[in-house]
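**Q** Mind having a look at this structure? Questions to follow.
The values are calculated or read from the model by the stated rules, or taken from the named source; none is laboratory data. Predicted, not measured: the structure shown is a model, and the values here were computed from it. All Cβ positions, even for glycine, are placed from backbone atoms using ideal geometry, and neighbour counts span all protein chains on display.
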Amino acid sequence: MLVNQLNPETKSEQTNSLIPFTKPDIGEQERKAILAALEAGQVGGNGPISRQLEARLQEMLDIRYVQLTTSCSDALELAMMALKIGPGDEVIMPSMNFVSSANAVIRERARPVFADIDINTFNIDPNHVEQLITPATRGIIPVHYAGQGCDMVAIMEIAQAHHLWVVEDAAQGMGALYDGQYLGTFGDIGCYSFHVTKNISCGEGGAFLTNDDEIARRAEIIREKGTNRSAFLRGEVDKYTWVDVGSSFIPSDLLAALALAQLERLTEITSRRLAIWHRYYEELLPLAGMGQIILPQLDARATLNGHIFAFRTNSAERRDQLLQALRQRNIQATFHYVPLHSAPYAQLHLRPVPHLPVTDLVSSSLVRLPLYSTLTSDEQSYIIETLYELCRIW
Ligand SMILES: *Cc1c(COP(=O)(O)O)cnc(C)c1O
């Protein structure tokens, strides 16, 4: 096995500390913002700092309504509740996906239908989406993988032709655009994440976006436990009460303060991540030229945010060997994802299991390299040199 041929101890450039896959970039500005919120007593939800963050996002993304949530998973659940899906309904999404959109659909007793992806962008394949549409289809949940926008022109056309809604999972997409428009603002609803692994983070948090008055009104009731407290806070009613079924998806102003401080640094964080992304891309081009790895091909209409740097190997076996060898050398590279259609839950509850050849190929050969805004130039050099060394042995 490859790993047995390597002796990390003999390598001069070996670093002693682990280079993690991801690391939050929380500094002095964030510390001050949280302390200021604490000192002002702003710790509850739906308070002035949350309102400020929502307004900032509305302005930046050019969207009518932004409602903060406790996570992107919760924003997706809120979306499915606000769109009133139910038993018998089908929702199309990629299988090359995190679990949140599938859970959000299943919790409403509806059925996720898994589409294949494009071999170059790893994003949902609009042609396959069209093939999967049945009379039971209600909507599409495209996922902007690695912050690269899906083909939103094709997806919105299909949705309009078949009277479907679109909910964008833009969890990885903060700061990224498609055709000059921010991700999350094309569909009926957009969902963002401020999870600790995302570009802009408050540990756990998210945002629900819409331009639709009726969806916004329903969502603000659901996320406030089924009450009209939001209307009460705006002074529209003199007391608030139970008006619909709901849940609790409101984050604390303390977390909103952290997310707001991070958002102030969006340009700085994004440009740092993009510099790292482009350096990986350029310095690994010769390896791709030798046929050792396969670099992603970009959609020219997508403006990236440097969320993930991923490439493919020529086989599943090589991918697993490479990940193991990188870890032996203190580099925490990782795979992505166990496709949803092949996960234990789907094998048990979502039969028949679909045949998704591109998804299977990509997920079995994908490697993600460490990428975070505080990754040093020396660390990145070490990662790139190690990749060259490992490929020479092959
Ligand atoms: C991170 C992520 C989520 C979940 O976000 P949370 O805020 O942790 O709930 C959902 N979808 C995708 C594509 C993600 O990357």
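**Q** Can you pull out every residue in region 48-60 that is closer than 15 Å to PHE186 by Cα and not aliphatic (A, V, I, L, M)?
**A** Of everything in region 48-60, just one residue is closer than 15 Å to PHE186 by Cα and not aliphatic (A, V, I, L, M), namely GLN58.
**Q** Check every one of the helices (runs of 4 or more DSSP H) wholly within region 315-382 and list those with 2 or more residues that are surrounded by 17 or more Cβ atoms within 10 Å (Cβ to Cβ). Steps first, answer last, please.
**A** On the way: elements: 316-328, 344-349, 357-365.
Passing ranges, in order: 316-328, 357-365.
**Q** Checking ALA82 against (1) small (Gly, Ala, Ser); (2) farther than 16 Å from GLY206 by Cα; (3) within 15 Å of the ligand (Cβ to nearest atom): exactly one of these is not met. Which one?
**A** Exception for ALA82: condition (3).
**Q** Right, another one. In region 314-364, what residues are under 23 Å from the mean Cα position of the chain (by Cα) and β-branched (Val, Ile, Thr)?
**A** ILE331, THR334, VAL338, VAL358, THR359, VAL362
**Q** Same structure, new question: Go through the residues of region 239-259 one by one and say whether even a single one is under 19 Å from GLY149 (Cα atoms) and either assigned to a strand (DSSP E or B) or among the basic types (Lys, Arg) (or both).
**A** Just the residues of region 239-259 that are under 19 Å from GLY149 (Cα atoms), to begin with: none.
No, region 239-259 contains no residue that is under 19 Å from GLY149 (Cα atoms) and either assigned to a strand (DSSP E or B) or among the basic types (Lys, Arg) (or both).
**Q** Any residue in region 90-102 that is part of a loop (DSSP other than H, G, I, E, B), over 14 Å from the mean Cα position of the chain (by Cα), surrounded by fewer than 21 Cβ atoms within 10 Å (Cβ to Cβ) and more than 16 Å from the ligand (Cβ to nearest atom)?
**A** For region 90-102, residues part of a loop (DSSP other than H, G, I, E, B), over 14 Å from the mean Cα position of the chain (by Cα), surrounded by fewer than 21 Cβ atoms within 10 Å (Cβ to Cβ) and more than 16 Å from the ligand (Cβ to nearest atom): absent.
**Q** Restricting attention to region 202-217, report how many residues are touching a Lys or Arg at 6+ places or on another chain (Cβ under 9 Å) and outside any loop (DSSP other than H, G, I, E, B).
**A** Of the residues in region 202-217, 5 are touching a Lys or Arg at 6+ places or on another chain (Cβ under 9 Å) and outside any loop (DSSP other than H, G, I, E, B).
**Q** Pull up region 143-182, narrow it to residues that are under 16 Å from PRO94 (Cβ atoms) and of a type in the set (S, T, N, Q), then point me to the one that is nearest to the chain's Cα centre (by Cα).
**A** For region 143-182, the residue satisfying everything is GLN172.
**Q** Among the residues of region 104-127, how many are surrounded by fewer than 19 Cβ atoms within 10 Å (Cβ to Cβ) and either within 19 Å of the chain's Cα centre (by Cα) or over 18 Å from ALA346 (Cα atoms) (or both)?
**A** Total meeting the criteria: 3.
**Q** So which pairs qualify, if the first residue must be in region 187-202 and charged (D, E, K, R), the second must be within 10 Å of the ligand (Cβ to nearest atom) and in a loop (DSSP other than H, G, I, E, B), the Cβ gap must be under 9 Å, and the two must be at least 6 apart or on different chains?
**A** Close Cβ pairs (under 9 Å, with a partner that is within 10 Å of the ligand (Cβ to nearest atom) and in a loop (DSSP other than H, G, I, E, B)) amount to LYS198/ALA171; LYS198/GLN172; LYS198/HIS307.
**Q** Suppose we filter LEU68, LEU78 for residues that are touching a Lys or Arg at 6+ places or on another chain (Cβ under 7 Å), in contact (Cβ under 8 Å) with a residue 24 or more places away in the chain, closer than 18 Å to ALA256 by Cβ and surrounded by 13 or more Cβ atoms within 10 Å (Cβ to Cβ); which single one remains? Break it down into steps so the answer makes sense when it comes.
**A** Working: LEU68 fails: touching a Lys or Arg at 6+ places or on another chain (Cβ under 7 Å).
Sole residue among the options that is touching a Lys or Arg at 6+ places or on another chain (Cβ under 7 Å), in contact (Cβ under 8 Å) with a residue 24 or more places away in the chain, closer than 18 Å to ALA256 by Cβ and surrounded by 13 or more Cβ atoms within 10 Å (Cβ to Cβ): LEU78.
**Q** Checking the conditions here, which among ILE63, ILE26 is hydrophobic (A, V, I, L, M, F, W, C) and either over 26 Å from GLY187 (Cβ atoms) or within 16 Å of the ligand (Cβ to nearest atom) (or both)? Even if it seems obvious, please write down each step before you answer.
**A** Numbers: ILE63 fails: either over 26 Å from GLY187 (Cβ atoms) or within 16 Å of the ligand (Cβ to nearest atom) (or both).
Just a single option satisfies the conditions, and that option is ILE26.
**Q** (1) among the hydrophobic types (A, V, I, L, M, F, W, C); (2) part of a helix (DSSP H, G or I); (3) touching a Ser or Thr at 6+ places or on another chain (Cβ under 9 Å): which one isn't true of LEU298, the others all being true?
**A** Just one mismatch for LEU298, condition (2).
**Q** Given the criteria away from the ligand (no atom under 16 Å from the Cβ) and not basic (Lys, Arg), does GLN58 qualify? Break it down into steps so the answer makes sense when it comes.
**A** Working: away from the ligand (no atom under 16 Å from the Cβ): yes; not basic (Lys, Arg): yes.
So GLN58 passes the test.
**Q** Out of the residues in region 204-250 that are within 16 Å of the ligand (Cβ to nearest atom) and either at pLDDT below 95 or among the charged types (D, E, K, R) (or both), state the one that is nearest to LEU260 (Cα to Cα).
**A** GLU204
**Q** Also, I was wondering about something else. Within region 3-22, is there a residue that is crowded, with 16+ Cβ neighbours inside 10 Å, assigned to a helix (DSSP H, G or I) and either at pLDDT 95 or above or among the acidic types (Asp, Glu) (or both)?
**A** No, there is no match, as no residue in region 3-22 is crowded, with 16+ Cβ neighbours inside 10 Å, assigned to a helix (DSSP H, G or I) and either at pLDDT 95 or above or among the acidic types (Asp, Glu) (or both).
**Q** Return the residues of region 26-58 that are of a type in the set (Val, Ile, Thr) and in a helix (DSSP H, G or I); say none if nothing qualifies.
**A** We begin by selecting, within region 26-58, every residue of a type in the set (Val, Ile, Thr); these are 26, 34, 43, 49.
If the condition is that a residue be of a type in the set (Val, Ile, Thr) and in a helix (DSSP H, G or I), then ILE34, ILE49 are the ones that fit.
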